[in-house]
Amino acid sequence: MARFPLPAIPSRLIELELAEAPRRGVPVAEVVRSGDGPREIGGVRHMGRTGEVLEVGGDGPRWLVGVGDGTVRDWVSAGAALVRAAGEDDRVRTVQVDLAGETAGESVAALATGALLGGYRFKVSSDAGKPGVRALRLLTPSEHEPEYSRRLARVRVLAEAATVARDLANTPSNIKNPEWLAATAERLVSDVPGVKATIRDERWLAEQGFGGVLAVGGGSASPPRLIELSYRPRAASRHLLLVGKGITFDTGGLSIKPAEGMHLMRTDMAGGAAVIAATRAIAALRLNVRVTALVPAAENHVSGGSYRPGDVVRHYGGKTTEVSNTDAEGRMVLADALVYGSRRFRPDAVVDVATLTGAMKVALGLRIGGFFAGDDDLASRILAAGTRAGEAWWRMPLLEEHAGAVRGEIGDVRQSPGGPGGITAALFLREFVEGATPWAHLDIAGPARAEKPYADVTPGGTGFAARTLVELAASYAEQDQVK
């Protein structure tokens, strides 16, 4: 356990306030649209470029911030850029934003989202660092306050989901072993009504035959865990199973990774972090949909207990896998959890989330998540949920031409058969989804981490997918309400 203070999890979010009139002595920022022509105050000329923040001297507002054409994305970028710029001034604790008559609720929500997430910081240090902005006052006409208050309350829950996922991913792996992740997940949901956490240890995993989790975790001094979260609203008729990869550090095992970049593998449990954070938020919003979340947590390390290329591993349920690359460990732990979750809970839909393949980073880059779905309705829901959440997704093909490559020679399936890596990984996972249940696999290897800030994203773990999962659950809850 830690012998030094860690940042609080979840990290503190700034406060959001609605006000009709500015408060004296508190700096004000004015928004500038590119379509309104240049704005000049105190000798500073602003063209409205999205996210550009210029400080104004004299008696005018302290900042001008550009919102471009006023799209949702523009407002998110503006909120993030403003909080970052204001945070550079140690004297500033509160910023007021004159919305210039803006009445679109989605614009106000987007600005708040950017502000809540754009100033995110996670640093393990004895130095408290700059205090940053603590509150954002949005200056709006009073007649809009009820609508804005509802929107901002929801925005805050979603932003906290992304923040929790970031915090978990960013925690260093000398602290974050499977036991720590399980205990932290249990603590995070302990104060959320309706959520129950059950933690399974290595003894239970062995008794139940979770061969994939045990094989991957066998090389580490820190034994694996299975984190199970359940949210059971009484009136819910739909049941969503979420499965997240929880590899708390990944050396690659005996198929060891190059040293360069290995330090980033503390975020290899970003899929599990997103699932934990999303389940917490779904319950906080009291969405009328049943959710079971499973996070198989293990550390893929190197020792005499490591699993080997050439091994045959028997998963929960009996299916066997030929191991060819111990660095393809994510699919090994997900396979156990997918069969277990499908058989035990009989959900209406299954979604797994993982930083699974470098191939997805090559295909889509670092800002778009790739996903595979065997069901068109579920695929449409994921795309729509991502749009509402402000997270970009691209549906990838489950090409049956490559399904034969997953078939094993001395086992039922082959773990890493070569070919198009993202596709064959998805086809492998499909083998472990029971029956005809709608299933989707979300590969977030690219957007789960960032090296530099953009929009509301900061360097490190990004929390990608957490908000999409919340919006996906909301789509099922809303469908029940229509019925």
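Just so it is clear, none of the values below were taken in a lab; they were calculated from the coordinates. Bear in mind the structure is a predicted one, so any value in this text is a computation, not a measurement. So basically every Cβ, Gly included, is an ideal-geometry build from the backbone, and we count neighbours across all protein chains shown.
Values computed for the structure shown
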{"item": "Share antiparallel - DSSP beta bridges, region 219-318, percent rounded to 5", "result": "45 percent"}
{"item": "Between 0 and 90°, nearest 10: helix 105-118 axis offset from the chain longest Cα axis", "result": "70 degrees"}
{"item": "Under Karplus coefficients 6.51, -1.76 and 1.60, residue-wise ³J(HN,Hα) of region 447-456 in Hz, glycine/proline x", "result": "x, 6, 10, 9, 9, 8, x, 7, 6, 8"}
{"item": "Set of region 386-416 residues, backbone N closer than 14 Å to the point 7 Å along the Cα-Cβ line of residue 312", "result": "408-415"}
{"item": "With Cα atoms, 0 to 90° folded angle of helix 466-482 axis to the chain main axis", "result": "90 degrees"}
{"item": "Gyration tensor verdict on region 15-155 (Cα atoms; rounded if a/c is under 1.5, prolate if a/b is larger than b/c, oblate otherwise)", "result": "rounded"}
{"item": "Two-site label geometry, residue 88 and residue 399: point separation in nm, points 7 Å out along Cα→Cβ", "result": "4.7 nm"}
{"item": "Anchor residue 196: aspartates and glutamates whose Cα lies under 19 Å away (excluding residues fewer than 8 positions away in-chain)", "result": "179, 186, 228"}
{"item": "Model label zone, residue 237; criterion: amide N under 18 Å from point 7 Å along Cα-to-beta-carbon; scope region 443-483", "result": "473-483"}
{"item": "Rounded to 10°, Cα long-axis angle of helix 145-170 versus longest principal axis of the chain", "result": "50 degrees"}
{"item": "Helix-only CD estimate at 222 nm, as mean residue ellipticity for the chain, using -39500 (n - 2.57) per DSSP H run (n ≥ 4)", "result": "-10500 deg cm²/dmol"}
{"item": "Relative contact order of region 171-482, defined on C-alpha pairs under 8 angstrom at six or more residues apart (%)", "result": "21 percent"}
{"item": "Label-to-label distance, nm, for residues given as residue 44 and residue 384 (7 Å Cα→Cβ offset)", "result": "4.2 nm"}
{"item": "Extension gain from residue 143 to residue 19, taking 0.36 nm per residue of separation minus the Cα-Cα distance", "result": "43.5 nm"}
{"item": "Estimated inter-spin distance, residue 191 and residue 262, nm [label 7 Å along Cα→Cβ]", "result": "3.9 nm"}
{"item": "Global form of region 247-371, assessed from the alpha-carbon gyration tensor, a/c cut-off 1.5", "result": "oblate"}
{"item": "Cα-based reach from residue 452 at 18 Å (exclusive), listing lysines while leaving out same-chain residues under 8 positions away", "result": "123, 361"}
{"item": "Centroid-to-centroid separation of region 314-367 and region 108-142 [C-alpha atoms, Å]", "result": "36 Å"}
